[in-house]
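> I am attaching a structure below and will ask some questions about it afterwards.
Read-outs throughout are calculated quantities, based only on the coordinates presented, and are distinct from any laboratory measurement. A quick note: this is a predicted structure, and the numbers were derived from the prediction, not measured. No Cβ is skipped: glycine too gets one built from the backbone with ideal geometry, and neighbour counts run over all protein chains shown.
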Amino acid sequence: SQDAVSQLMEAMDSDGDGRVDFDEFVAFAADVEKRQKERDTITGRQSSTMIIIGRIKAGVNTRSLNLNQLFQRFGGGGHAKAASATVRLDDEA
């Protein structure tokens, strides 16, 4: 829902400028992984993957950012303005 997306963006946008820059995204992803590991410890279950999805809003000037190239580092890819990757988390054994 739009409300859920707005809440997610609010959580990621740490400086409150209405945009999520790369550093904010990395910090958010690290926090999500940390929380998931804590939850896994409490529940005794362990997660195996984290899915990352990126999309650049139409009309935003991002000549210096190519999501396809960025996500290829994580085994994913797609297009310059929309890409995804599935990242395997630490050993769940």
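> May I ask you to list the residues in the range 1-54 that are in contact with a strand residue (DSSP E or B) (Cβ under 8 Å, 6 or more places away or on another chain) and hydroxyl-bearing (Ser, Thr, Tyr)?
Of everything in the range 1-54, those that are in contact with a strand residue (DSSP E or B) (Cβ under 8 Å, 6 or more places away or on another chain) and hydroxyl-bearing (Ser, Thr, Tyr) turn out to be Ser48, Thr49.
> Within the range 79-93, which residues are under 28 Å from Arg35 (Cα atoms) and of a type outside the set (Val, Ile, Thr)?
Ala82, Ala83, Ser84, Ala85, Arg88, Leu89, Asp90, Asp91, Glu92, Ala93
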